[in-house]
Structures are given as C-alpha cells and as structure tokens.
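Shown next, in structure tokens, is the structure this report addresses.
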C-alpha cells in the first residue's frame, strides 16, 4: 500500500486558538509532501463563528443594512490581514506555495466550493469540541465536510481552552 501523497491542503481558519491548532499539522504535511497550502476564512453574515461572535450578535441586533455591510467589510479586511500573517509564517517555515482567500457565505457551502475550486486533496480542520445536543443544534462544519467532501479530511481536536 502506497502512502498518500497530498498536493494541495485546504486550511480553514477563523482566527481562534482552536483553529490555529491545525497549523502545525498543515505545516508538517506541507513539508513532508511538498504541497501547497490554501488558507481560507469564511465571513458568515448569518451565523458568526469564532472570536467575532459578540460583534456579529451586535450587528444582528442593532445595525441597519448599510452598517452591516460596513462591518462585514471591516471583518473581511481583518481576516485578510490575519491570513496574510499566517501565510507569511508558513512561508518562513519553508512552505513555498501558500494562497489565501476570504469569502462571505455559509461555511458549509464555501468550504466545499473552495475544495473544488482549488482542487484540494486534503482538508485539515479543527473541531469545536461540542457533542450531543450542542452539535445537533449548532451543527458541525467538520462533520459536514467529512460527510460531503470528496477528499480526505483530517479533523484536529485541540486542547480545551481556559475560560
């Protein structure tokens, strides 16, 4: 049996420490296989995830549509800067091909589209650690990818964060 030879890794990030726990795994795979890494952050105007959840809740409660667009634009700009920083770190660590993309939409749809558009053969994603009712109510992007992506999905469960 031949070991898998990956060429393109999709690494979804949301600026959280949980998601960043996937970076060492992407780096190790990129070095081992000489593959490209595509970083993506999804700006979901409907259901905020990660550290921007409080901001998104305030948007939903108080903002009018032009204000929502301005805030989402600022959020996307911050995401661009964040991904550029991660990309620079990966390049400094020896990954020769790193691309980034910030996309508005549902993570469930956007990530499947990114896999196809970038022809990724490995996705490395963090799980949020919810189980049972929490996962049933909130959903799981990692679970959705496992069930629907036509590529390998490596799910990383990071250490619990201190509250």
Problem - Ranked list, fewest to most other Cβ atoms within 10 Å of each Cβ, for 151, 99, 127 - result: 99, 151, 127
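Using 0.36 nm times the number of residues separating residue 74 and residue 91, minus their current alpha carbon distance, what extension gain do you get?
Details: separation 17, 0.36 × 17 = 6.12 nm, distance 2.57 nm.
Full extension of this stretch gives 3.5 nm more.
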Problem - Residue order, fewest to most beta carbons within 10 Å, for 82, 6 - result: 82, 6
Practice task
For a footprinting-style exposure proxy, rank 35, 120 by other Cβ within 10 Å, fewest first.
Solution key: 35, 120
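Since every read-out is calculated from the coordinates, none of them should be taken as a lab result. It should be emphasised that the depicted structure is a prediction, and the values quoted were computed from it without experimental measurement. Don't worry about glycine lacking a Cβ; one is built from the backbone with ideal geometry, like all the others, and counts go over all protein chains shown.
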